[in-house]
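Asker: Structure in structure tokens, see below.
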Amino acid sequence: KTIDGGVNWRAVSVPVDCRLDSLSFVDPLHGWAVGGYEMPTSGRRVGVVLRTTDGGETWQRVPTPGLPWLHRVRFADRMDGLAYGEGSSLQRSGIYLTRDGGRTWTTITGFAPSGWVDGDTYDRASFALVSSRRGMVWFDGTRFDTAPAIDGRIPLLHRVKFSESGIGWAI
């Protein structure tokens, strides 16, 4: 954590011993972190969600029964959030929605498993999702559309980001 624009950093303890892949803060106090780990005996990949209400001084683990490894999280406000990660036989889309601050997560249905590495939105209604396989998918809340190829090729992408005006970048 830094409080001086990144000049000095200090470690903050968290209640898990696993990889955390993404953070989302909606104001100076309220934030979430997601990640996951692999179960040594079964190889099953388990998702982890942490929450803070004091600016990251302390973190609490949020129970996430059945969620696979999560790679990115974005919260629009203290209640509404979206997490992207791996799919499973039970959560095929790999896209998870919360309307209660992360206490419960609903799987968005209707899409074959892909595993997502990133996603973003500018209007909170539709999302550009970067696939772990290749390319990007546009989700409008009800259906998925494959983004068009660029110069006839499907690029290997890692991140996507939109400005509030709707201008977007992908790398």
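The values are calculated or read from the model by the stated rules, or taken from the named source; none is laboratory data. Quantities reported herein were computed from a predicted structural model and do not represent experimental measurements. Heads up, the Cβs are rebuilt from the backbone with ideal geometry, glycines too, and the neighbour counts pull from every protein chain shown. Please note that ligands, DNA and RNA were not included when accessible areas were found on the heavy atoms of the full protein model with its side chains. Shrake-Rupley method; radii C 1.70, N 1.55, O 1.52, S 1.80 Å.
Residue-wise test of (1) more than 25 Å from residue 137 (Cα to Cα); (2) assigned to a loop (DSSP other than H, G, I, E, B); (3) more than 12 Å from the chain's Cα centre (by Cα).
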site: 23; (1), (2), (3): no, no, no
site: 46; (1), (2), (3): no, no, yes
site: 72; (1), (2), (3): no, no, no
site: 82; (1), (2), (3): no, no, no
site: 87; (1), (2), (3): no, yes, yes
site: 93; (1), (2), (3): no, yes, yes
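Asker: Suppose we keep only residues that are touching a Pro at 6+ places or on another chain (Cβ under 8 Å) and charged (D, E, K, R) within segment 59-87. Which one would you say is modelled with the highest pLDDT?
Answerer: Once the filter is applied, the top-ranked residue is 61.
Asker: Being open to solvent by 20 Å² or more (accessible area, probe 1.4 Å), of a type in the set (A, V, I, L, M), closer than 26 Å to residue 86 by Cβ and in contact (Cβ under 8 Å) with a residue 40 or more places away in the chain is the filter here, so list the residues in segment 1-60 that pass it.
Answerer: Residues satisfying the conditions are 14, 16, 23, 26.
A quick yes/no check of all residues on (1) open to solvent by 90 Å² or more (accessible area, probe 1.4 Å); (2) touching a Lys or Arg at 6+ places or on another chain (Cβ under 7 Å); (3) at pLDDT 80 or above; (4) at positive phi:
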| site | (1), (2), (3), (4) |
| --- | --- |
| 89 | yes, no, no, no |
| 99 | yes, no, yes, no |
| 104 | no, no, yes, no |
| 115 | no, no, no, yes |
| 133 | yes, no, no, no |
| 137 | no, no, yes, no |
| 150 | yes, no, no, no |
| 160 | no, no, yes, no |
